[in-house]
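Read the figures in this text as sums done on the coordinates, not as results from a lab. Bear in mind that the values here come from a model prediction, so they are computed numbers and not experimental data. When we count neighbours, we look across all protein chains shown, and the Cβ atoms used for this are built from the backbone with ideal geometry, even at glycine.
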Amino acid sequence: MWTWFFQLASPPHFYRMAGSLVPWLLWPALLLIVIGSWGGLVQAPADYQQGDGYRIIYVHVPSSYLSMMVYVTMAVAAGIGLIWRIKLAHAVAASCAPIGATFTAAALVTGMLWGKPMWGTYWQWEPRLTSELILLFLYFGYMSLRSAFNDLNQSDRASAVLALAGVVNVPIIHFSVLWWAGLHQGPSISKIDAPSIAFDMLWPLLVMILGFTLFFLGVLAMRVRGEVLEREFHSRWAQDVLRGASPMEAG
Amino acid sequence: MNLGLGNLFWVVLQRDLLVAMRRWSDICNPVIFFVLVVALFPLALNPRAEFLRALAPGVLWIAALLAALLSLNQLFRADIEDGTMEQLLTLPYPLGLVILAKTLAHWLVTGLPVVVVAPLLAITYHLPADAIGILLLSLLIGTPTLSLLGSIGAALTAGLRQSGVLLALMVGPLMLPVLMLGARATDIALSGDDPTGPLYLLGALLALALSLAPPAAAMAIRISAD
Amino acid sequence: MNLGLGNLFWVVLQRDLLVAMRRWSDICNPVIFFVLVVALFPLALNPRAEFLRALAPGVLWIAALLAALLSLNQLFRADIEDGTMEQLLTLPYPLGLVILAKTLAHWLVTGLPVVVVAPLLAITYHLPADAIGILLLSLLIGTPTLSLLGSIGAALTAGLRQSGVLLALMVGPLMLPVLMLGARATDIALSGDDPTGPLYLLGALLALALSLAPPAAAMAIRISAD
Amino acid sequence: MARRRGGGFREVDLLTGTGLTLWRGANCLFDALSFSAAPGNALLIRGPNGSGKTTLLRVIAGLTLAEEGEVKWNGTPVIGCDNSGRHLMTYCGHATALKPELTTMENLRFFARLSGYPIRQIGELLVASGLAACADLPTRVLSAGQKRRAALARVFMSGAQLWLLDEPQTNLDSAGRQFLERMLQEHLAGSGTAVIVAHQSIDLGAAPVTVLQMGEAA
Amino acid sequence: MARRRGGGFREVDLLTGTGLTLWRGANCLFDALSFSAAPGNALLIRGPNGSGKTTLLRVIAGLTLAEEGEVKWNGTPVIGCDNSGRHLMTYCGHATALKPELTTMENLRFFARLSGYPIRQIGELLVASGLAACADLPTRVLSAGQKRRAALARVFMSGAQLWLLDEPQTNLDSAGRQFLERMLQEHLAGSGTAVIVAHQSIDLGAAPVTVLQMGEAA
Ligand code: HEM
Ligand SMILES: Nc1ncnc2c1ncn2[C@@H]1O[C@H](COP(=O)(O)OP(=O)(O)OP(=O)(O)O)[C@@H](O)[C@H]1O
Ligand SMILES: Nc1ncnc2c1ncn2[C@@H]1O[C@H](COP(=O)(O)OP(=O)(O)OP(=O)(O)O)[C@@H](O)[C@H]1O
Ligand SMILES: [Mg+2]
Ligand SMILES: [Mg+2]
């Protein structure tokens, strides 16, 4: 187990592994998203209150969930990098940030679009919405901190401290609907025992969430590959890769 | 030294913009700070729509002023610390023009983004469309005045360490009329009246600042670079 | 190197207070900034008594937070620039303790004065006496937490230039719970209810920050002094 | 590394200081100090630490006001709020005037545009100063000596007739010092003037050197 | 200027670096570099500008992380989040670690208290370093050389067994350089260790000197 772990953490090995993994993540992701979209847009019945407007849920909920998932991934990777000084983990954290920021922006935009018909306003200064906005700021803060240092080593470690400190925001977002009474929907699908949503509407949502997650992992693998190559630019294997040889031949 | 004055202006402006682009956080940060301040109020206070609407002109303008104050701190500081200012001071060119170019670059990088996002935030404060228009206009006229006024304070405090708050203290009072007029204009528009009066006054202040601030800042910078 | 840890704490604290006294503006500036922000609102907004009273908890707490943010920028900056940090980093002592001493000195110099003048300003916002008491208490528990949280951000950005706004961006979200709880407690007291809930939570946050922030800041400072 | 300027200098290109007096706190740094330097000459300011060399150089550059006395360059006083008196003078102090965010090339290009130095020749100058490999690095990451070399390259590009250099050898290795000396010799041979503060010895070739010895340290 | 420490150093007071590798961007500053310095010895780091001397010194001080390899002092690695390995080591870089607002005396007193140097002897030390007249001036107004002398006085006060000095001769006049050399000779004679980066020559008396030549500049 440990040897496998360390082997994975070696950059050339990871580069090769991730490369072969990417299609196995992205194609299923595409498939699931197509199925989920079909299920959500065609197969699921219109809501008796909201008509077809609710269908934006199939984008909103997966991106909202991923906005937080990605942050947690980023923080865990950053923590691993900081404690065990594994550069690969830093590369993972660095690659997470723009993806997470994109999902967060998507959650905000879809939420706002949904909010207009539902609440009569695009935006409401309400705990969940605000804390989601703050999550976006955290991503921005993380990225600007990274770009502010000239030394990679330094920006890795500094941004890791920030990512870890900012992780407190995630439970705040998740529980904000419970702690403060706001406009936003309470948990409806995450109550596993008794989902308060019809199965016809639920399964496309679950498929979409899975599809989005795989999509995230696929994009992450791609980004980390690029990041690792850039970091190991001067090493022999990276030079070999850039010249077109396979990294395994380079050893 | 065959550089025309327009050219000098352009060379300095271009360099400052390039430096800012290298640190893109320079461009994002003041505006994000602006958003942060505006977002804090509904959290700390009661977020009812009519309450927020009444708050909006004041909060948006105060946030714009604070964002300007915070970023002004850096206007000449780096130049003094790394010795660039010594070079600019010994140039055979009018220093006021150099300062004007630097101030313009600063406004483009920090003030303009604030002006651009302000309408979006105004929507979240439930401000009606015509009041948003006036808010935008008042910020567009008012924030360059803030930058110009700030340049004097920034020049005076550039050699000091703990200048952030000192700067706020010095130029805050100077910026007050701009703040009051800007918030006033939006407020008037909000209540459906004609806001041209305060807007003209804002324009007059801009003209005044444009002609007086650069030479004053030039004199100040000579003193603090000694 | 026969310096006890308590002694180390004391030596560092004393030195930082001495430096601050030499630049008395260090002591005055954050509090004056605080007063400025609080004073701006009645100017930019409608100064009716009941409106101001509703505004008071939010405005006072936001002003306190902004004053803390602004001054935090300087917490480690000077030490990094003049090389003192290199010396502190190579000392055979626990760095967290040094950081705690510096943060305490910083709070004494910038946070405490804000806590002291806040009640006076609260009176001008027509806040009743018992709400003022709670405001004072919440600030007294809350502002040290702000300083401690800020020390992490200050440590991360101490080596950077345009750090003021970056710092705000980074620690603003972390400080948010403190702000919300503090304003909440005062608000509850204003409406005549029992504010002990948020106050206990504030206390818990302080305890948490006290134990976690200094080591985190120590780690951060090692990185930014690299 | 050909010089941009075509002709020689005019006869009036003379630097004079008369009756300069400056107190700092209770220390008199200089009292009724006078000097002059003609084209092609170097004025070498020597003296122990804290004797006022840097302060004097800043007075000559017009960056600091003397309490009494006057520095004239080309017959006009260097102090005053218009910059005309500073014509064709360049100052190089302890700070390097490089923007840490910009690359070496971008930094030098800015000063080249200010002084009218041909942009195409910057590459050559970088090679001559040993900075070719750093051209595209942000100056933030340069070593102390590399920064100093870039600052000296700026002095060269300024094309100024009067160079004011404060301890220009600081942080330089022997190749760097040679580059500096070659630059200075060429400048003086082209009848430029240089005022140099230095603790170490500096080889100025055939140029006439006046040594200005500052008083004992405070 | 009597040394505070009574006894000699232990046999294990050995500085070793093994297999140090560090890349900066596309430049390899050092690759599998190893060295060691025994008590009483000086390690002189030489090399052209930009060859990584400062970076190496910071790695030795534990201020910068090497990508590979390890520096050990007294048998413990200098890197790590506890400070125990830094025991009795002092670093003096380009920055002087003086608070501009405090006087020279106050600045030194702070470091004396940290390192346990007797406060009463600071006055003597100020005289020895030629700073007696500046004792009550805020260090902001000191000249470059005076600041450097104060920084060196701090090194002396630290009583550390390992001194790490980055271009300590910068800005010093000849008296200042002599003060530095005397200090170093005494330190080495008391079987201390010193790692020194220098471009100029430095007279270390009878102490055995190992020269570590860094590669060509980038
Ligand atoms: C800008 C506006 C909005 C933002 C920032 C936002 C944010 C979020 C976030 C962060 C989550 C994930 C919560 C978690 O997993 O703990 C979420 C879930 C959800 N949102 Fe929104 N939302 C917005 C608007 C809306 C609107 C207008 C509706 C519809 C009325 C809505 C309905 C939902 C639902 C049903 C969930 C799933 C809740 C669950 O089962 O846990 N959202 N939203
Ligand atoms: N306010 C003051 N009160 C007293 N003395 C002062 C004051 N300001 C500056 N000085 C003294 O003035 C001198 C300034 O000298 P300057 O920096 O010009 O020296 P320098 O000759 O360049 O020395 P170095 O060789 O060290 O660079 C110093 O001796 C300093 O102590
Ligand atoms: N991010 C980077 N990319 C490329 N090169 C870099 C980077 N950061 C630093 N360098 C190079 O690393 C070297 C750092 O050297 P260092 O400061 O240790 O030199 P030094 O030997 O102390 O030189 P000096 O004698 O000038 O003080 C420089 O050559 C610099 O150009
Ligand atoms: Mg000097
Ligand atoms: Mg060096």
Report summary line: homo-copy label distances at E:Gly205 (7 angstrom along Cα-Cβ), nm, one dp, ascending, are 4.3
Report summary line: Two pseudo-spin positions, 7 Å from Cα along C-beta at B:Glu81 and at A:Ser20, lie apart in nanometres by 5.0 nm
Query raised in the report: Based on the mean of other beta carbon atoms within 10 Å per residue, what is the order of A:24-30, E:19-25, most packed first?
Result: E:19-25, A:24-30
Query raised in the report: Per-residue mean of other chain beta-carbon atoms within 10 angstrom of the beta-carbon, peptide C:175-188?
Result: 3
Query - Stokes-Einstein diffusion coefficient of region E:15-213, Kirkwood radius over Cα pairs, 37 °C, 0.692 mPa s, in µm²/s - result: 189 µm²/s
Query raised in the report: So how strong a dipole does chain E carry about its Cα centre when Lys and Arg Cβ are +1 and Asp and Glu Cβ are -1, to the nearest 20 debye?
Result: 620 debye
Report task. Please list, or write none, the lysines whose alpha carbon is within less than 17 Å of the alpha carbon of E:Lys147, excluding same-chain residues fewer than 8 places away. Result -> D:Lys53, E:Lys99
Report task. Just tell me which aspartates and glutamates come within less than 13 Å, Cα to Cα, of D:Lys72; anything on the same chain fewer than 8 places away is out. Result -> D:Asp13
Requested in this report: Treat the count of other C-beta atoms within 10 Å as a stand-in for reagent exposure and order B:Phe41, A:Phe199 from fewest to most.
Outcome: A:Phe199, B:Phe41
Query - Exam field: E:Ala38 pseudo-label spacings to other copies (7 Å along Cα-Cβ), nanometres - result: 6.2
Query - Over the protein assembly as shown: Kirkwood hydrodynamic radius from C-alpha pairwise inverse distances, Å - result: 32.0 Å
Report summary line: With x for Gly and Pro, the residue-by-residue ³J(HN,Hα) of region A:74-89, computed from phi through the Karplus equation 6.51 cos²θ - 1.76 cosθ + 1.60 at θ = phi - 60° and given in whole Hz, is 4, 5, 5, 4, 4, x, 4, x, 6, 7, 9, 6, 9, 5, 4, 4
Report summary line: Counting Lys and Arg as +1 and Asp and Glu as -1 over every other residue whose Cβ sits under 15 Å from the Cβ of B:Ile134, the net charge comes to -2
Query - Normalised alpha carbon radius of gyration of region B:25-225 [divisor 2.2 N^0.38 Å] - result: 1.05
**Report entry** For B:Pro128, inter-copy label distances in nm, listed shortest first [label point 7 Å out on the Cα-Cβ vector]
**Finding:** 3.6
Report task. Within 10 Å of each Cβ in peptide D:47-57, how many partner chain Cβ atoms are there on average? Round it to a whole number, please. Result -> 5
**Report entry** Efficiency of FRET from Cβ geometry, E:Gln178 and C:Leu5, R₀ 35 Å, rounded to 0.05
**Finding:** 0.35
Report task. Rounded to whole Å and sorted largest first, list the principal axis extents of the Cα atoms in region C:113-220. Result -> 45, 27, 20
Report summary line: Computed on Cα atoms, Rg of region E:150-218 relative to 2.2 N^0.38 Å comes out at 1.11
Query raised in the report: Antiparallel as a % of all DSSP beta bridges within the protein assembly as shown, to the nearest 5?
Result: 45 percent
Query raised in the report: Going by how many other beta carbons lie within 10 Å of each one, how would you line up A:Met222, C:Met219, C:Met170, fewest first?
Result: A:Met222, C:Met219, C:Met170
Requested in this report: Express the Stokes-Einstein translational diffusion coefficient of chain A in µm² s⁻¹, to the nearest whole number, given a Kirkwood radius over alpha-carbon pairs, 37 °C and a viscosity of 0.692 mPa s.
Outcome: 166 µm²/s
Query raised in the report: How far is it, in nm, from the label point at B:Val116 to the one at D:Ala189 when both lie 7 Å from their Cα along the line to the Cβ?
Result: 5.4 nm
Report summary line: If D:Ser174, A:Ser144, B:Ser191 are placed from fewest to most neighbouring beta carbons inside 10 Å, the sequence is B:Ser191, D:Ser174, A:Ser144
Report summary line: Once Lys and Arg are counted +1 and Asp and Glu -1 for all other residues with Cβ under 12 Å from that of E:Ala128, the total becomes 0
Query raised in the report: Among the aspartates and glutamates, which fall within straight-line cross-link reach of B:Lys102, defined as a Cα-Cα distance under 17 Å, with same-chain neighbours fewer than 8 residues apart omitted?
Result: B:Asp16, B:Asp26, B:Asp79, B:Glu81, B:Asp82, B:Glu86, D:Glu101
Requested in this report: Rounded to the nearest 10 degrees, what's the angle between the helix B:49-72 long axis and the longest principal axis of chain B, both from Cα atoms, 0 to 90?
Outcome: 10 degrees
Report summary line: In the E-onto-D rotation, chain E's nearest residue to the axis by C-beta, with distance in whole Å, turns out to be E:Thr170, 3
Query raised in the report: Given a cut-off of under 8 Å on Cα pairs at least six residues apart, what relative contact order in percent is computed for chain B?
Result: 27 percent
